[in-house]
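Below is one structure, written out as structure tokens, with a few remarks after it.
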Amino acid sequence: MCATYESNLHFDDLPFELVCEIFDYLPLRDVKTASSVCQRWNAIIFSEVYIHRFQLQLNLDYSLPVLKQMAQLLEASDREYYSVVLRANLGSPLTDARLRIVKLMIRLLASRSESLYFNMADFRIESCVSERLLRGRKLQVIDTRAKYIPLGMGLKESMLAAICEYAVELVDLVIAEMNINNPKALVPLSSLKHLKLLLISDYYPYVKPPEPPINLPGLENLSLIKVTDESCHYFRVDNLKRFFIHSTGTDAPRTMDFITQNITRVSRLCLHFTARSIQAEVIFGWLDRFPNLLALELAGVALPGDVLKQLSPANRLQKLIFVSCHLETLQLDGLLEKLTKLRLLCFDGCSLFHKQSGFHPVHYDDIEGLRQRLPHCRIMLDYD
């Protein structure tokens, strides 16, 4: 028999954290009204914990006098907002008054954060915590009408410039969905002298500069995702340890030539391509340009049995990771002779050719022969 209980649960019986979650659904003016309901609500709403959770919404389409007054009030206030939403018609001119408020919000957002995520596609900036796994405070500009690319692009670059001006202590920066081909757009990044991790996606410069215009002496980890090969030449990174590139190019020699002209001191190199026609054996022929290279990650290419034929036996590779590659065979020619220091070999999401049925995902049974052939090397199917 099931027992039933009468519940006399009252709203005031809810724990502090749950009440905060409920208040988050209210606009700021209603939160202010709720603070007058009773002493407990007032104490919760004006507590140091909850005051950081407020979302601020501002309309940048107001008249110039209103925008100036708004900026003055914000500058005089010491309140922090968990989330700031700026509503604006991006087709309107980017006036000094509008830009002043945008820069002010970026300054407040970035002043206490070492990690930022900037999504240029939807004009969103978020602070990041806990090894970039969690997002913190957020700023977003929402278009109230149709987007106009030239003016929207100007706002993107102004927001990036403001980050570089007010967040000079940044350690990690992610700039997603840039969709920019302006070669000068990232030059302000040189002011971020403490930057150790930089990830950029959708950057399409088609001009090779005579000298790298972006100098990041402390950078250790650089990732360029969906970019042109020319983007490699925009960064002077003398202390880089890991370089990741997802190239839109289809010419492996050209890609490797662009990389080795500027980035050669890395210990880990990650090369991701989108074209199966990439000549993977050519890539291995360029690895002698990386004297410190210990780990190679190669993705999205077809691997013939003789893919290692151009690899120098003097290489120091300890880790070799293939991701989403098509292999003719797992028993690569010269595997024992040319990879004498190899300690990890991984086939992550790869397919193996079978004469009778074509390509199939690599299974544990397929790598058993490799494990016997390379007893001192760890063979894996997934790499974290």
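The values are calculated or read from the model by the stated rules, or taken from the named source; none is laboratory data. This is a predicted model, so every value here is computed, not measured. Cβ: placed from backbone, ideal geometry, glycine included. Neighbour counts: every protein chain shown. Quick note on the areas: whole protein, heavy atoms, side chains included, nothing else; ligands and nucleic acids left out. Shrake-Rupley method; radii C 1.70, N 1.55, O 1.52, S 1.80 Å.
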Task: Sum of -39500 (n - 2.57) over DSSP H runs of 4+, divided by residues of the chain (222 nm, nearest 500) - done: -7000 deg cm²/dmol
Open item on the list: Suppose accessible area is computed on protein heavy atoms with a 1.4 Å probe; arrange PHE46, PHE258, PHE118 from highest to lowest.
Closed with: PHE46, PHE258, PHE118
Open item on the list: Please enumerate, by chain and number, the aspartates and glutamates with C-alpha under 18 Å from the C-alpha of LYS319, excluding those fewer than 8 residues away in the same chain.
Closed with: GLU281, ASP288, GLU297, ASP333, GLU337, ASP348, ASP382, ASP384
Task: Solvent-accessible heavy-atom area per residue, rounded to whole Å², over the chain at 1.4 Å - done: 51 Å²
- [ ] Go through the stretch 329-342 residue by residue and turn each phi into a ³J(HN,Hα) via Karplus (6.51, -1.76, 1.60, θ = phi - 60°); whole Hz please, and just put x for glycine and proline.
- [x] 7, 7, 8, 5, 4, x, 4, 6, 6, 9, 10, 6, 9, 5
Task: Cβ charges +1 (Lys, Arg) and -1 (Asp, Glu), total dipole of the chain, debye - done: 860 debye
Open item on the list: Students often check this: by mean Cβ neighbours within 10 Å, which of 317-324, 63-70 ranks highest, and how do the rest follow?
Closed with: 317-324, 63-70
TODO: Determine how many Å³ per residue the convex hull of the Cα atoms of the chain encloses.
DONE: 224 Å³
Open item on the list: Using 25 Å as the Cα-Cα cut-off, could you pick out the over-long pairs in LYS68/LYS184; LYS103/LYS138; LYS103/LYS208; LYS196/LYS226?
Closed with: LYS68/LYS184; LYS103/LYS208
Task: Per-peptide average of other Cβ atoms within 10 Å, ordering 333-340, 227-234, 184-191, 10-17 highest first - done: 227-234, 184-191, 333-340, 10-17
Task: Partner aspartates and glutamates for LYS193 [C-alpha distance under 14 Å; skip if fewer than 8 residues away on the same chain] - done: GLU114, GLU165, GLU169, ASP172, GLU220, ASP238
TODO: Among SER127, GLY369, ILE22, pick out the residue whose Cα is farthest towards the positive end of the charge dipole of the chain, where Lys and Arg carry +1 and Asp and Glu carry -1 on C-beta, about the Cα centre.
DONE: SER127
Task: Protein accessible area in the chain, 1.4 Å probe - carbon and sulfur % - done: 52 percent
Open item on the list: Give me, ordered by chain and number, the residues 5 or more places off ARG236 or on other chains with an amide H under 5 Å from its own placed amide H.
Closed with: ILE214, ASN215, LEU216
